[in-house]
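Step one of this worksheet: look at the structure below.
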Amino acid sequence: MRHSNKVKKLSREANGRRALIRTLAVSLIEHGRIQTTAAKAVALRPFIERVITKTKVKSVTSTRYALSELGSGAASVMDKLHERSSANKDRAGGYTRILKLPERKSDGAPLAIIEFVQ
């Protein structure tokens, strides 16, 4: 049974899952919207919302938090992250939306677009 086991494994071990979520988050911050599978979009949403909430106030602490969560490759998108965070200062959450797409033809995986709400 899966009592108290809420982590979606995404067919990966812990390190691979963390790397996947980090790269998806950096891509979302950089491009504003990405297309991925529905399961990955659902797993990404709470991660990116937590990072945006913590970086609403531009400070050294929030920048260090974001870099620790997003990894060392995220230094190039920190300006965009602070820009997106400051644009959502009045919003109390719900910074992203997930739009369902038709299934992928090759393997039938359900697709989704995850994007920032304007």
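The values are calculated or read from the model by the stated rules, or taken from the named source; none is laboratory data. Everything numeric in this text was worked out from a predicted model, so none of it was measured. Because the Cβ atoms are built from the backbone with ideal geometry, glycine has one as well, and the counts that use them run over all protein chains shown. Just so you know, the surface numbers come from the protein's heavy atoms only, side chains and all, with ligands and any DNA or RNA stripped out. Shrake-Rupley method; radii C 1.70, N 1.55, O 1.52, S 1.80 Å.
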Report task. Order the peptides 88-97, 48-57 from the highest to the lowest mean number of other Cβ atoms within 10 Å of their residues. Result -> 48-57, 88-97
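Treating the beta-carbon of each Lys and Arg as +1 and of each Asp and Glu as -1, no other charges, what is the dipole magnitude of the stretch 1-44 about its Cα centre, to the nearest 20 debye?
Magnitude of the dipole: close to 220 debye.
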**Report entry** Under 16 Å, Cα to Cα: Lys pairs in the stretch 46-118, sequence gap 8 or more or different chains
**Finding:** 7
Query raised in the report: Can you work out D for the stretch 49-118 in µm² s⁻¹ from Stokes-Einstein, where Rh is the Kirkwood radius over C-alpha pairs, the temperature is 20 °C and the viscosity is 1.002 mPa s?
Result: 157
Report task. First compute the accessible area of the stretch 1-99 with a 1.4 Å probe, then give the percent of it belonging to carbon and sulfur atoms. Result -> 51
Report summary line: So, relative contact order of the stretch 1-113 in percent, Cα under 8 Å, 6 or more apart, is 31
Report summary line: So the angle from the long Cα axis of helix 38-54 to the longest Cα principal axis of the chain, reported in degrees to the nearest 10, equals 10
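Given R₀ = 25 Å, FRET efficiency for K100-R12 by Cβ-Cβ distance, to 0.05?
The computed FRET efficiency comes out at 0.65.
Counting only heavy atoms of protein chains, what accessible area per residue, in Å², does the stretch 60-117 have with a probe of 1.4 Å?
On the way: 3450 Å² over 58 residues.
Accessible area per residue, the stretch 60-117: 59 Å².
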**Report entry** Two-site label geometry, K89 and T53: point separation in nm, points 7 Å out along Cα→Cβ
**Finding:** 2.0
Report summary line: Nearest 10, in degrees from 0 to 90: the angle of helix 14-31 to the longest Cα principal axis of the chain is 60
Query raised in the report: In Å, what is the Rg of the alpha-carbon atoms in the chain, and how long is Dmax?
Result: 14.8, 46
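Under unit Cβ charges (Lys, Arg +1; Asp, Glu -1), what dipole magnitude, rounded to 20 debye, does the chain have relative to its Cα centre?
Numbers: 24 positive and 10 negative charges, 75 e Å.
Result for the chain is approximately 360 debye, rounded to the nearest 20.
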Query raised in the report: Using the alpha-carbon atoms, what tilt in degrees (0 to 90, nearest 10) does helix 78-87 show relative to the longest principal axis of the chain?
Result: 80
Query raised in the report: Toward the positive end of the charge dipole of the chain, about the Cα centre and with charges on Cβ (Lys, Arg +1; Asp, Glu -1), which of A87, A39, L111 goes farthest?
Result: A39
**Report entry** Unit charges on C-beta of K, R, D, E only; dipole of the stretch 60-118, Debye
**Finding:** 100
Report task. Could you check the simple spin-label distance between S27 and S76, using points 7 Å along Cα→Cβ, in nm with one decimal? Result -> 1.4
